[in-house]
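To start, the structure itself, in structure tokens.
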């Protein structure tokens, strides 16, 4: 008699597990994999609105309708367990003392997450894990992620109303990494000790996940209003922004994945200037091939919709990643009373079962009979051991309270010291240096052949001033357009364009047969910033003050022709 027969006699019934993925740009995906054969057995999807700004489902009723239609189309019973992938809402890393207990770690990470604009309105569900080989001294590095508790509760309640049971919730980053490993798309990158960067493009910006093999080392996210750009401007904007960031994460490989139809990962991979081998995958409508072979039951047009996130969630435990997140433990369906007759879900090896309360009582009685004699013996021993352990527990709790009180005291003292914020200073230096380096890089790439830059300054507040000479006006305008395309958000303007001459007579009597030099100035500073007035001299006569004011006024490009070059004599 096999295990399934024994469990069936005890009242235990098996239950199917269904894998769903909420994927922006696709909708709600339902997928079934043949893990051993590495093929897609069945797949379908339904459009589903997702709010990118608030990182939540736009319509929970629409979610319920999509689930009902998908189950009916693929002939799956609604009495199934559901494992769900949700888009990543928040991801970060932090170093904390090794002495902190798990509850204290969760509390500290929750305080960090609540600084985000999303979790100032909604309670977060936190999931965290230790970074591999990232322990230094008395500190350990943690990666953590968060999803809104109300979102998970709403989904759980909706599935319960349909007859399903939500058994696990994962997030898109880990699902995508599992898919890359399972499909073999990143086999070379995920080898031990190989450094590589995963660059994800979405409608709200891009993120870079620094990896060594399968281990996450660091994570960086850059918001970018991609929808505000058109055509080639999108690629120029991403390239200009990511160039400095990629220099901070040197690696052997760069893997570009686009999640939006507005950006082609293939085109972007050819624009990015980085060392190492660049690979790409279109996780959007530009996709030219399937990540996995699909069965004949899946139509070709439908197969093109299969996302890496859907594949990753359906892989389950077949691919093991060092960093794992699960968000179901911290969420609950508030307002729902537990059904006393609801089956309990258990997992034995590769088999999953639902056991009824009556069957559970039968099994409990059988186990009680087997363990009765040892239990009687333990009845006399356990109290003595428990008393000793309780004393140790009380001592540990006392030390923990003292430690928490000390941490609170130190945090309060730090909050009182507002004279220096090291994190803000570091962020300020990085931002200023990044802005200046982008300007230097753009300057080196934008200078035409017959143009000379004679003066350049880049200030900490993002202000630039560039002066130079050229033998023709066309090169000046070409240089100006190049700089504007490279420094999109700086609002550069052509502040000055003059013929270069030594006197007013030379400016008026120009020989058309002789080459003419022009001088120009490109800046985003105001006239007051470019020409700050000198402090007034209280001893100077009134007519001298008026003459000085005239010298400081007179905007370039707005002067009469006879004034060209007058101030540069």
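The residues of the range 177-191 that are touching a strand residue (DSSP E or B) at 6+ places or on another chain (Cβ under 8 Å), over 21 Å from residue 317 (Cβ atoms) and surrounded by fewer than 23 Cβ atoms within 10 Å (Cβ to Cβ) amount to a single one, 188.
Could you tell me whether the range 248-264 includes any residue that is more than 19 Å from residue 178 (Cα to Cα) and not in a loop (DSSP other than H, G, I, E, B)? Looking through the range 248-264, none of the residues is more than 19 Å from residue 178 (Cα to Cα) and not in a loop (DSSP other than H, G, I, E, B). If you filter the range 193-217 down to residues that are out of contact with any strand residue (DSSP E or B) (no Cβ under 7 Å at 6 or more places or on another chain) and touching a residue at least 60 places away in the same chain (Cβ under 8 Å), you find that the one that is surrounded by the fewest Cβ atoms within 10 Å (Cβ to Cβ) is 203. Would you confirm, using the coordinates I've provided, whether residue 254 is surrounded by 19 or more Cβ atoms within 10 Å (Cβ to Cβ), at pLDDT 90 or above, in contact with a helix residue (DSSP H, G or I) (Cβ under 8 Å, 6 or more places away or on another chain) and farther than 23 Å from residue 170 by Cβ? Yes. Count of the range 136-176 residues, restricted to those that are buried (at least 17 other Cβ atoms within 10 Å of the Cβ) and assigned to a loop (DSSP other than H, G, I, E, B), is 1.
Each row is one residue, and each column tells you yes or no for (1) within 23 Å of residue 142 (Cα to Cα); (2) assigned to a loop (DSSP other than H, G, I, E, B).
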| position | (1), (2) |
| --- | --- |
| 182 | no, no |
| 187 | no, yes |
| 190 | yes, yes |
| 193 | yes, yes |
| 196 | yes, no |
| 207 | yes, no |
| 219 | yes, no |
| 222 | yes, no |
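Annotation note: of 288, 324, the sole residue that is surrounded by fewer than 10 Cβ atoms within 10 Å (Cβ to Cβ), in contact with a helix residue (DSSP H, G or I) (Cβ under 9 Å, 6 or more places away or on another chain) and at pLDDT 75 or above is 288.
Here's the yes/no breakdown for (1) closer than 20 Å to residue 56 by Cα; (2) in contact (Cβ under 8 Å) with a residue 12 or more places away in the chain:
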| residue | (1), (2) |
| --- | --- |
| 88 | yes, yes |
| 91 | yes, yes |
| 99 | no, yes |
| 104 | no, yes |
| 111 | no, no |
| 155 | yes, yes |
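Restricting attention to the range 266-285, the residues that are buried (at least 17 other Cβ atoms within 10 Å of the Cβ) and part of a loop (DSSP other than H, G, I, E, B) add up to 4.
On the given criteria, is residue 69 part of a helix (DSSP H, G or I), modelled with pLDDT of 90 or more and loosely packed, with under 14 Cβ neighbours inside 10 Å? Against the criterion (part of a helix (DSSP H, G or I), modelled with pLDDT of 90 or more and loosely packed, with under 14 Cβ neighbours inside 10 Å), residue 69 does not qualify. Among the residues of the range 218-236, those identified as within 14 Å of the chain's Cα centre (by Cα) and either on the phi > 0 side of the Ramachandran plot or surrounded by 12 or more Cβ atoms within 10 Å (Cβ to Cβ) (or both) are 218, 219, 220, 221, 222, 224. Which of the residues spanning the range 403-431 are out of contact with any strand residue (DSSP E or B) (no Cβ under 9 Å at 6 or more places or on another chain), surrounded by 10 or more Cβ atoms within 10 Å (Cβ to Cβ) and either within 26 Å of residue 484 (Cβ to Cβ) or at pLDDT 75 or above (or both)? The answer is 404, 405, 406, 408, 409, 410, 411, 428, 430, 431.
The values are calculated or read from the model by the stated rules, or taken from the named source; none is laboratory data. Here the structure is a predicted model, which is why all the values come from computation and not from measurement. When we count neighbours, we look across all protein chains shown, and the Cβ atoms used for this are built from the backbone with ideal geometry, even at glycine.
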